[in-house]
Each structure stands twice: as structure tokens, then as C-alpha cells.
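The values are calculated or read from the model by the stated rules, or taken from the named source; none is laboratory data. Small disclaimer: the values here were computed from a predicted structure and weren't measured. Reconstructed Cβ throughout: ideal geometry from the backbone, glycine too, with neighbour counts over all protein chains shown.
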Amino acid sequence: MTQQIVERYGDQIFNHAATSEDERLGALTAELDPATFRRLGSLPIQPDWRCLELGAGTGTVARWMSERCPDGGVVATDLDLELVRRNDGDAGVTWTHHDLTRDDFPPGSFDLIHARYLFCHLRGRDQDLARVVRWLVPGGWLVLEEPARFPIEASSHDAYRTTGMGVFTALAERIGTDCDWPRDLAGHMGRAGLIELDTDVAYSMVGGGRPMGRFWELTVEQLAPVLCAIDGITPGMVADTLVRLRDPDFREPGMATVGVTGRRPVAGPPAAA
């Protein structure tokens, strides 16, 4: 690429007004929700917990938390609330326009905070993480889930691997995404002051009509002009990748999801930013 464009996620790339964005995020939701609900369900959630969902997306996780915390309530935030407004009306969820990098909450506001596929897209992710930890009550829980690129990097299919790695290159240059950062997600959360850290990694596959395959297909489609401007990626490689992703017999690894659960200590402040 010859020109670097500095923007935020959703400004141009993956804008919620894009024709396929609702379906793209819906496919990702279908892929990730089961593991997310399992991670959250492992916590000692109480009906009066106050919860925060950062980067609400389609709103499924916020609604899940609302069903379990009817006496506490859920605040769900995003830069663009269009997708959740289409299905709003759920009691207990407050949908709020909020920029994590600029807007704050009072210290000790929440018993549970969750974010998925969010911090990897933030340029000041470690400083932002330290701020988010301060929003927890002492003893409160933070659950982060972030995408890692290493399974795609190891794929044996040349066009798919090269195009997929091009996606990460494009996102890094345009919005500052870092999908290697999650490989030490527990370390980042520990340095932010959290304890009782528990990590697991969920792997996905593309092809065969799988949700991650559809998500990746729509991602490559949206980014096709940007990908073709990267050295080493041709329009033919992008086209071949899209054909393969639609092939019911194609089987290749998709992104991994690193999930970490951590708790703010009951005594003492969290680590400084």
C-alpha cells in the first residue's frame, strides 16, 4: 500500500450502513455466541449485577446478560447503534452511544463488563483496558474475547492464507488493528490489575456453510479493493478465496478466539494506566 489512512473501525471499513454488514456481524454472532455464553455462564452472576457490554454489535450478549440480571440492569454501548435499534425493546438494556477511547464511566460502576472483538481494533488498547478495569466494582469481573490470526497464517491453501493475512495487514494500516495482541491477552489483563485469570482458546473453521466462513467471505468482499492494492495479492487470488469460502467441501482454519476472564481485587486499586 502506498497510502495510510487513519480512521476508526466503522468510519469507512465495516460501517454499519454497508449493505452486507448486518449479515456479516450476524454470521460472526452465530459463530461466537455459544462460547461467549459458556464463558459468561461460568461466573457467579447475580440478579442484581450491573453489567456493561462494550461494542454491543447486534445486541445478543447484552440481551443474554439482561435476562440474568433483571434487578441490576445492562448498559450496552457502541459507536453505531443502528443494528441493535432494529430489535430494541428488551427490558433492562440501556443502549448508549459511547466511544471507549474518549468517554468514561464513574469508577466502580459495574459488577460485570464484557467486550468481544473490540480491543484489538483500538490503537491505545492497553491504556483503554486499564481505564475499563477501573469501571469495575472491587471484586467485579471482566470478560474479554479477541480474535487471533495464527490459524489462518498456518493454512496450507496459498490464496486463502495470503488473502487472509492481507485482511490483517489492511486493518492494521487503516485502523490500527493488531490480531497478535490477543495471544498474550491474560498478560495484558494481569498488568491492568486483574487476578484469577482464566484463559481458553476456541478455534473456528471456514467452508462448508459455517458461520465463520460466511463472516470471512463478507469481510473479504468488503475489503476486496483494498486487498488488491497490497503487494503480492492479485484480483485472481481474492476471487479464488471467495470461491473456496463458498465451497461446501472447503475446510481450512478460521480465526481463533482467545477468551480471558479476570477479576478486580476486592482490596486495593487496579494498576495505573
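Report yes if residue 246 is at pLDDT below 95, farther than 21 Å from residue 118 by Cβ and either touching a helix residue (DSSP H, G or I) at 6+ places or on another chain (Cβ under 9 Å) or among the basic types (Lys, Arg) (or both), otherwise no. Steps first, answer last, please.
Values: at pLDDT below 95: yes; farther than 21 Å from residue 118 by Cβ: yes; either touching a helix residue (DSSP H, G or I) at 6+ places or on another chain (Cβ under 9 Å) or among the basic types (Lys, Arg) (or both): yes.
Yes; evaluated as a whole, the condition is true for this residue.
Which one is surrounded by the fewest Cβ atoms within 10 Å (Cβ to Cβ) among residues in segment 249-273 that are farther than 17 Å from residue 152 by Cβ and either of a type in the set (Ser, Thr, Tyr) or at pLDDT 95 or above (or both)? Residue satisfying both the conditions and the ranking: 265.
Tell me yes or no: at least one residue of segment 47-63 is in contact with a Pro (Cβ under 7 Å, 6 or more places away or on another chain) and either within 22 Å of residue 266 (Cβ to Cβ) or buried (at least 19 other Cβ atoms within 10 Å of the Cβ) (or both). Scanning segment 47-63 turns up at least one residue that is in contact with a Pro (Cβ under 7 Å, 6 or more places away or on another chain) and either within 22 Å of residue 266 (Cβ to Cβ) or buried (at least 19 other Cβ atoms within 10 Å of the Cβ) (or both). Here segment 151-187 is the region considered, the condition is being in contact with a strand residue (DSSP E or B) (Cβ under 7 Å, 6 or more places away or on another chain) and of a type in the set (Ser, Thr, Tyr), and the residue that is farthest from residue 256 (Cα to Cα) is 160.
Annotation: residue 233 fulfils all but one of (1) in a loop (DSSP other than H, G, I, E, B); (2) surrounded by 20 or more Cβ atoms within 10 Å (Cβ to Cβ); (3) touching a Lys or Arg at 6+ places or on another chain (Cβ under 9 Å); the unmet one is (3). On the stretch given as segment 205-230, residues that are touching an Asp or Glu at 6+ places or on another chain (Cβ under 6 Å) and either β-branched (Val, Ile, Thr) or assigned to a strand (DSSP E or B) (or both) total 1. Inside segment 178-195, residues that are out of contact with any Phe, Trp or Tyr (no Cβ under 9 Å at 6 or more places or on another chain) and either charged (D, E, K, R) or closer than 30 Å to residue 20 by Cα (or both) make up a count of 2.
Determine whether residue 33 is surrounded by fewer than 19 Cβ atoms within 10 Å (Cβ to Cβ), free of Cβ contacts under 8 Å to residues at least 40 places away in the same chain and of a type in the set (Asp, Glu).
Numbers: surrounded by fewer than 19 Cβ atoms within 10 Å (Cβ to Cβ): yes; free of Cβ contacts under 8 Å to residues at least 40 places away in the same chain: yes; of a type in the set (Asp, Glu): yes.
Yes.
Here residue 202 meets the list (1) among the aliphatic types (A, V, I, L, M); (2) buried (at least 18 other Cβ atoms within 10 Å of the Cβ); (3) within 20 Å of residue 57 (Cβ to Cβ) almost entirely, failing just condition (2).
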